[in-house]
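Inspection log for the structure reproduced underneath, given as structure tokens.
The values are calculated or read from the model by the stated rules, or taken from the named source; none is laboratory data. Computed from a predicted model, the values in this text were never measured in an experiment. As a convention, Cβ positions derive from the backbone with ideal geometry for all residues, glycine included, and neighbour counts pool all protein chains shown. In case anyone asks, the SASA skips ligands and DNA or RNA and just uses the protein heavy atoms, side chains included. Shrake-Rupley method; radii C 1.70, N 1.55, O 1.52, S 1.80 Å.
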Amino acid sequence: MSYAALVKHYRTLFHLGHVESMASWDEATMMPVGGGEARGEALSTLRGVIHQQATHEKLPGLFAAAAKEAAALSPWQQANLRLMEREWVRATALPQGLVEAMSRAESRSEQAWRKLGPDNDFAGFLPYFREVVRLKREAAQALGNKLALSPYDALLDEFEPGARATSIAPLFARLRAFLPGLIAKAVERQSCEAAVVCEGPFPVDRQHWLVLELMRRLGFDFDRGRVDAAPHPFCSNVPTDVRIAVHYDVDDYTNAMMGVVHEAGHAKYQQNLPPDWLDQPVGCVRSASLHEGQSLLHEMQVGRGRAFLEFAAPMIAEAFPSAVAPGREAFNAEHLFLRLTRVKPGLIRRSADEATYPCHIILRFELEKGLIDGSLRPEDVPEAWDASMHEMLGLATRGNDRDGCLQDVHWPAGMFGLFPGYTLGALTAAQMFGAVLSAHPDLNEQIRRGEFRVLDGWLREHVWSLGSSLGSMELVERATGGALSTKAFEQHLERRYVLRES
């Protein structure tokens, strides 16, 4: 049976991807600096092998034969066959030499970024960046030709299957119109608030204890995952071996605390994907926006709400006993809420508040489109970034590329097309949390008691267990009863940041 042969072949690709994910995780967390060049070559070779398997000469015949068997397949098998063919078509659009060249360039670029970014050295980084952009444009053109898409849409489609820049633009335009007024009202409303804040240092070992305790209470399965430290927080994508990276700041424990709540959303999604399909495309996460929707639902909708902070406050106080005695009020749930829901335009995306964060994403969406269509040259990015930051948030980055275009790993690592998913994920999170609250009006009372079974059950039924059996937008509409829009997100921002109700 040709379909069965394809299942076996894609199981092999899954296993190779598992190894690649672990090597990449180690590169970002534990690899010694001197191992960078060799690791880059090793990953390039591995990705070349994966590409060979993804474009194997037997696949066209297997897909042709499997198409004749499709009527006899189950709905899940039919969805799996469609997704396997989608992956094959995308893979065959790129020659192996280009895949290996991109891998080497992106590895060198990322490693250079880790050193040159903190040094504010865009000029030193530029040669690496130029090469990544050149190769990514070549890949985007090849993919676009194969898929009958614009080059940028061809890259976007990797992270958001079926999405197009023209479908995202109206949502972002609506946010562009809505957010300035919301931000102004929130800043004015909060001008009369004063949160009591305890000064550090907060020992890393105590922060790590808090991180592990929160993960345990949130339902992270430590038999199938672990938490480690890294400069940039992230969550790996292997469901049976989920690796979370957390960044610890001795002066501010909330970075690690909220970071791990965010990554817990990613991790729980991974750990609750349909177990019978984990080694097949249909068993994977469908899109970046769905993935980000799970993390933002946990961090923003739940984690920064009063109910969660009432549950977490005693744990936070227990984590830092030396800080409690002189400043117990700082560990009160209400003061934590005031601190963790401040709206203040800033330069850094990762630490941006919920209201200003979409501005950072819209900026990146517009600039990366220019990099891929050629209207923006790599050397002109700092100037374009400064102009956009001034327009979006009234801030300047001229001469400060460290906090401007060098702050993110995404472009150095060649991940063009991923950024829109962050704000699409915010819209998804707000819309889904609203649907859970409608179905379970006492949800916040449960969260206040540290009970997450009902929330997890809803997400498991409507999102996690479905894998990639449905398209992202279809899944959102089925789960929430309406197409993805900005409405729920706007209402959430008004309630939390202007009315201060949740």
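State log₁₀ I(q)/I(0) for the stretch 1-141 at q = 0.10, 0.17, 0.22 Å⁻¹ as given by the Debye formula over alpha-carbon point scatterers of equal weight, solvent excluded. At q = 0.10, 0.17, 0.22 Å⁻¹ the computed log10 ratios are -0.45, -0.97, -1.30. Over every Cα atom in the stretch 151-194, the radius of gyration and the widest Cα-Cα span, Dmax, amount to 16.6, 49 Å.
Among 320-331, 452-463, 354-365, sorting by the average number of other beta carbon atoms lying within 10 angstrom of each residue, highest first, gives 354-365, 452-463, 320-331. Quick one: Cα centre-to-centre distance for the stretch 485-502 and the stretch 115-136, in angstrom? After rounding, the separation between the Cα centres reads 39 Å. 3J(HN,Hα) couplings calculated from phi for the stretch 206-215 with the Karplus curve 6.51 cos²θ - 1.76 cosθ + 1.60 (θ = phi - 60°) are, in sequence order, 6, 4, 5, 4, 4, 4, 5, 5, 4, 4 Hz; Gly and Pro show x.
Of the solvent-accessible surface of the stretch 251-305, computed with a 1.4 Å probe and all protein chains present, 44% belongs to carbon and sulfur.
Computed from the Cβ-Cβ distance with R0 of 45 Å, the FRET efficiency linking Q446 to A169 stands at 0.70. A cut-off of 5 Å between modelled amide H atoms, ignoring neighbours fewer than 5 places along the same chain, links V242 with G225, R226. Under 12 Å from the Cβ of E334, count the other residues' Cβ atoms, weight Lys and Arg +1, Asp and Glu -1, and hand me the total. Overall, the nearby charge balance is 0. Between R176 and S322, the distance separating the two model label sites (each 7 Å from Cα on the Cα→Cβ line) works out to 5.0 nm.
Compute the signed sum of charges (Lys and Arg +1, Asp and Glu -1) over the other residues within less than 15 Å, Cβ to Cβ, of R478. That sum, taken over residues with Cβ under 15 Å, equals -1. When the inverse distances between all different Cα atoms of the stretch 383-442 are averaged and flipped, the Kirkwood radius reads 14.2 angstrom. Counted over all Cα-Cα pairs of the chain, pairs farther apart than 33 Å make up 39 percent. Of the accessible area of the stretch 16-68, computed with a 1.4 Å probe over protein heavy atoms only, carbon and sulfur atoms account for 60 percent. Non-local lysine pairs in the stretch 31-171, meaning eight or more places apart or on different chains, with alpha-carbon distances under 25 Å, amount to 5.
Multiplying the residue separation of V187 and K487 by 0.36 nm and removing their Cα-Cα distance gives an extension gain of 105.9 nm. Over all orientations, the stretch 315-384 has a Cα convex hull whose mean projected area works out to 7.0 square nanometres. The stretch between V196 and A5, if pulled fully straight at 0.36 nm per residue, gains 62.5 nm over its current Cα-Cα span.
Normalised per residue, the accessible area of the chain is 41 Å², obtained with a 1.4 Å probe and no contribution from ligands, DNA or RNA.
Pair-distance distribution of the stretch 176-308: all C-alpha pairs, bin width 5 Å, starting at 0; shares per bin in whole percent are 2, 9, 16, 18, 17, 13, 10, 7, 4, 2, 0.
Working ranking of peptides 138-145, 299-306 by packing, defined as the average number of other Cβ atoms within 10 Å per residue, highest first, is 299-306, 138-145.
The label point for R130 and the one for V454, both projected 7 Å from the Cα toward the Cβ, are 6.0 nm apart.
Distance from the Cα centre of the stretch 1-77 to that of the stretch 229-277, in angstrom? After rounding, the separation between the Cα centres reads 23 Å.
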